[in-house]
Structures are given as structure tokens and as C-alpha cells.
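Everything below concerns the one structure shown next.
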Amino acid sequence: MTQLLAFALILVPVIVFHEFGHFIVAKMAGIYVKTFSVGFGPKILKFHIGETQYALSAIPLGGSVKMAGDAAREEEQDVAEADVVMDEDAPGGSDAEAERQRVGEELLYPSDEVPDYEIPEHRHFRNKPLLTRLAVITAGPFANLILAFIVMIGVAWHQGRPVFPTTTLGELDAVSEEYKVGFRSGDELLSINGTPVSDSHEIREALAAVGDTPFDVRVQRESGESIVRIAAARYEDGRRAFPRFPLRYDTRIGAVKTDGPADQAGIQPGDRILEVEGTAVRYYDELADLINPAIGESLQVRWERDGAILSATVIPEGEERPVGGSMTETEMIGRIQIDPFYLVTPVSFLEAVEEGSSTVWFLTSATVKVLGILLTGQADRDSIGGPIRIGQEAGSALQWGFAVLFRFM
């Protein structure tokens, strides 16, 4: 039921917006639009405004725009014209055949629809200039791009900005640029270019302020304070590519997936996990090291809530995840479906526009890259899913909350 609800919440706005794009550009181009329908199957509600019928159909998982002289009607007319040419020498001539064809064509249309032959030819889709037809066709995908901006700006404005209350660096690969310039796992960032930092947002803001000039990062280590010199920050696809600081979180829980292993065990947001199978954990990466390899295994977990110590058996479920930042390589890991703790700070509308637009640009760029990878055979095309996969992923997203679902949209 959750998958069906999520599927409808995702698909209906996407398709309706898509069809509205075709509809509004066709109207602007002077094309006769017969029907704008939400859903498919029998029409349960319909009314006319001007020459167009607006309808709500029984199964609200699709939509359509019917125009005079669209592609299907064009094929029918080609057949009709061929029949007329063949029968011009027959008794009664072409006029009789044309009348017979017109009567037969009436059977193709619902009783409340105006037949194509009663609509002026210059208002048929097929008779419009090529660029006009191209504009009508591409208006649907373009409308979906606009919808993506609206959705992501809305999510950013409603949800606020997630802020992780830590400046401690997590695991750094020895081949990473960050490691090569002098950063080490466990470093606590104190300041960036002289600006003190105390959480993930302040790190982001301080890095954005330095531009492409050299700057220093002051860090705290077991051996004392140290300075790391960076020649310049680097950005790709509108996002910072260097330096990228993987932060180390404590074991407080920020979100729990509904009906996931942790939720079934009674773990709630705000709890702090203390032990897994008798091994004490202080940081989230230590927790992941114990859970990720344990797909299907029974793990005894102890956690703290408001001073009380609770425990339960939790069985991690397998989940496919990318290996590092790869778009082609994945691995199966165990998860109990929790996310690390974070704070939420409100954002202004302008900040939401900036945040949402940045996200859409990043996702669009990533989509183009993935399509390129698929076309060049670098990835398995079975990784592309259809409606069933959309429904499955939408249901999973909804279990994390509506913000995740709309981000998935």
C-alpha cells in the first residue's frame, strides 16, 4: 500500500506537469486542443472550457493531451487519401469515396469530440511549421525540469538546512588530494582562512568565501595544532570537488526508516547507540564497520535514551550502494536503516532558491553523465528501471519521509 501511495504521489504530478507543458505550448501555437485529461481509462468527470474538454479519468496514474492532426490521426489520413486515389476511377468518383470515408471516420471519434475534418487544417498539429511542432514536443520534458526546480526549492524551504554539529574529519584515503596536502583522519577543523568553524554549515560557508585564492586551514590533532596550506578550492558541476571533508559523526540517530530493522527493534531518532555485539562505539563510522558486513546476521545492539539503557536484536538488511563516488560500481552492504544526527536551521526563500537550484543542476549533470556511461557500454543497462522499479524506490523513499520522497521525484 505504501508503494502504491508513493507511486501515485510521484507519478501524478510528474505526468500532469509534463502534459501541461505540451498543452500550454500547443494552445499558444494556435493548435486545436481537443482534450486535456488527467489519468486514463473511463472519464469520470469532464467539462468544457472553450473548445477544449478537461477530464479526470478513472485511473489517475497518467495523462494525455489530444490535438487535432496529431501523429495517430496523420497515419489515418494518409490511409484515407491512398484509398481515395485508388478509387477515383470507380463509379461515383472521388466525391462518393470521400463521403464514405468521412462517415467511416466518424466512428473513430467519441460522440462528444469534434472530428478532425471539421477543424480548420491550419489548426492541425501536423500542419504547423517544424519548429512549432518541435516546441510542442519538447515542452513536456521542459515542464518537468521546471517542476524539478519548484519541488527542490520547496523541499529546501520547508525542510531547512541540515547541519551536522561536528568538524572532525572521518576516514581519508591515502590517495586522496586532501591526504596529499596534509589532512589526516581525526583532524578537528578549527578555522578556515582565519574564520572559526564549529559545524558543517560554517565549514561550507568559510570555503565558499575563500574563492580560488590560497588559504590556510588550522586543525587540532593529538600532537597539537597544525596548519594545512591549500593552493585553491576547486569546483565541478557547481559543487566543491576539493577540498571535500568527510566528517566524523557521533552515534546519535537523526532519522529512522519506517519498518526498517532499527525501527522494528524500537530505535528512535535522538537515541545514541553505545554497543554492537558487545563492542563499544563512539562514532558513526565505527558503527558502520560493524553493521555493513553483517547482512542477515542477528546483532545485539545497546543504546541510550534519556538516560535509560535499552537493547534489542537487530538484523541488518542488504542494500546496494555505490563504491566511493563511482557511477558504475556498486556493492551490497548491511544497513539497519538509520541516518546520523543533524540539526535543522531555517533558510530564507532566496537561500532555498539557491539550494534547490544547485541540487537540480547537480542531479541534471549526474543524469547526463550516467546516460553517457550507459551509451558507451561502461555500465549495465539493467540498472535502468521502469514503472515497477519507480514504485519500489518511491515506496522506500516515503518510508524515510515526504522530504525524501519529493527529492526522489
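The values are calculated or read from the model by the stated rules, or taken from the named source; none is laboratory data. What you see is a predicted model; the values in this text were computed from it and never measured. Quick reminder, even Gly has a Cβ in these numbers, built from the backbone with ideal geometry, and neighbours come from all protein chains shown. Surface accessibility is based on the protein's heavy atoms, side chains included, excluding ligands, DNA and RNA. Shrake-Rupley method; radii C 1.70, N 1.55, O 1.52, S 1.80 Å.
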Open item on the list: Pull out all pairs, ordered by first then second residue, where Cβ-Cβ is under 8 Å, the residues are six or more apart or on different chains, the first lies in region 337-351 and is of a type in the set (A, V, I, L, M, F, W, C), and the second is open to solvent by 50 Å² or more (accessible area, probe 1.4 Å) and in a strand (DSSP E or B).
Closed with: F341/R252; L343/P162; V344/P162
Open item on the list: Go through region 188-215 and report how many residues are assigned to a loop (DSSP other than H, G, I, E, B), modelled with pLDDT of 90 or more and closer than 11 Å to A232 by Cα.
Closed with: 1
Task: Exclusive hit being within 23 Å of S176 (Cα to Cα) and either among the aliphatic types (A, V, I, L, M) or in contact (Cβ under 8 Å) with a residue 40 or more places away in the chain (or both), set P261, P243, P322 - done: P243
Open item on the list: For region 211-222, which positions are under 28 Å from F341 (Cβ atoms), buried (at least 16 other Cβ atoms within 10 Å of the Cβ) and of a type outside the set (K, R)?
Closed with: V217, V219
Open item on the list: If the requirement is being among the aromatic types (F, W, Y), open to solvent by less than 50 Å² (accessible area, probe 1.4 Å), modelled with pLDDT under 85 and not in a loop (DSSP other than H, G, I, E, B), which of these qualifies: F40, F36, F7?
Closed with: F7
Open item on the list: Give all pairs with beta carbons closer than 8 Å in which a residue from region 274-291 that is under 16 Å from P340 (Cα atoms) meets a residue that is among the aromatic types (F, W, Y) and assigned to a strand (DSSP E or B); count only pairs at least 6 apart in sequence or on separate chains.
Closed with: L274/W303
TODO: Residue by residue through region 155-183, note down the ones that are closer than 25 Å to R407 by Cα and assigned to a helix (DSSP H, G or I).
DONE: V155, A156, W157, H158, Q159
- [ ] Find the residue count for region 217-263, including only residues that are in a strand (DSSP E or B) and not β-branched (V, I, T).
- [x] 19
- [ ] Hey, can you tell me all the residues within region 127-164 that are farther than 30 Å from F341 by Cα, open to solvent by less than 40 Å² (accessible area, probe 1.4 Å) and among the basic types (K, R)?
- [x] K128
- [ ] Quick one: count up the residues across region 11-33 that are of a type in the set (A, V, I, L, M) and open to solvent by 70 Å² or more (accessible area, probe 1.4 Å).
- [x] 1
- [ ] Would you point out the residue of region 258-289, among those that are among the small types (G, A, S) and under 20 Å from R321 (Cα atoms), that is most open to solvent (accessible area, probe 1.4 Å)?
- [x] A288
Task: Single residue of E75, E97, E88 found to be out of contact with any strand residue (DSSP E or B) (no Cβ under 9 Å at 6 or more places or on another chain), open to solvent by 60 Å² or more (accessible area, probe 1.4 Å), at pLDDT below 90 and assigned to a helix (DSSP H, G or I) - done: E75
Task: Residue satisfying condition, being of a type in the set (G, A, S) and either closer than 20 Å to I384 by Cβ or surrounded by 15 or more Cβ atoms within 10 Å (Cβ to Cβ) (or both), within set S357, S348 - done: S357
TODO: Check region 264-275 and report whether any residue there is of a type in the set (V, I, T) and more than 30 Å from F362 (Cβ to Cβ).
DONE: yes
Task: Positions within region 290-323 being in contact with a helix residue (DSSP H, G or I) (Cβ under 8 Å, 6 or more places away or on another chain), part of a strand (DSSP E or B) and crowded, with 18+ Cβ neighbours inside 10 Å, in sequence order - done: L299, V301, V314
